[in-house]
Amino acid sequence: MGTIMITHDLGVVAELATDVAVMYAGTIVETGPAARVFDDPQHPYTIGLMSSIPTLGGARTRLSTVPGMVPTAETMPEGCRFASRCPFAQPICATVPPRVNFGSGHAASCHFAPLERRMELRA
């Protein structure tokens with residue numbers, strides 16, 4: 001038996017889920033075992049979500065946010081739906097990104113995955 005949970009509460013996901021599918025604007029952008037997705041997120045939206053989780057204890061700091069707004073159904077871009085909010089966006093993002101498999105069931109849909117490679121290119 002399985003359960004499907006739809007939530008924005010990543011703390012609950014971390015506690016209860018074995019597998020995760022991260023969605024943005026109605027499209028799955030990253031999937032995999034919860035531990036792998038939380039330990040090594042590979043889609044810029046997943047990284048933005050993970051950065052917005054508050055921490056308990058320690059100094060109070062402002063939570064990180066994902067800049068911009070979700071496009072409306074009428075203004076949804078043709079390619080990557082996250083492109084208008086993505087720090088890595090380039091002209092290629094106007095096309096649908098490939099689904100890149102990282103092994104062990106972990107995959108993300110991004111032209112620049114694995115993101116470690118993209119970070120190296122920016123350095």
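For segment 49-72, a residue qualifies if it is among the small types (G, A, S) and more than 17 Å from the chain's Cα centre (by Cα), and the qualifying residues are G57, G58, A59.
In segment 22-38, what count of residues is obtained for those that are without any contact (Cβ under 8 Å) to a residue 40 or more places away in the chain and loosely packed, with under 14 Cβ neighbours inside 10 Å?
We begin by selecting, within segment 22-38, every residue without any contact (Cβ under 8 Å) to a residue 40 or more places away in the chain; these are 22-23, 34-35, 38.
Those still in the list that are loosely packed, with under 14 Cβ neighbours inside 10 Å too: 23.
Here the count works out to 1.
Restricting attention to segment 34-80, the residues that are at pLDDT 85 or above, of a type in the set (A, V, I, L, M) and over 23 Å from V13 (Cβ atoms) total 3. Checked against the criterion of being among the charged types (D, E, K, R) and under 16 Å from L115 (Cβ atoms), the candidates R62, R36 yield just one match: R36. Sort out which residues of segment 39-95 are among the β-branched types (V, I, T) and surrounded by 14 or more Cβ atoms within 10 Å (Cβ to Cβ), and write them in order of number. Scanning segment 39-95 gives T46, I47, V66, V70.
Which of the residues that make up segment 4-39 are closer than 20 Å to P98 by Cα, of a type in the set (D, E, K, R) and touching a Gly at 6+ places or on another chain (Cβ under 9 Å)?
Pass one, segment 4-39, residues closer than 20 Å to P98 by Cα: 20-33, 36-37.
Then keep just the ones that are of a type in the set (D, E, K, R); that gives 30, 36.
Of everything in segment 4-39, just one residue is closer than 20 Å to P98 by Cα, of a type in the set (D, E, K, R) and touching a Gly at 6+ places or on another chain (Cβ under 9 Å), namely R36.
The values are calculated or read from the model by the stated rules, or taken from the named source; none is laboratory data. Nothing here was measured: the structure is a model prediction, and the numbers come from that model. Here the Cβ is made from the backbone with ideal geometry for all residues, glycine too, and neighbour counts use every protein chain on show.
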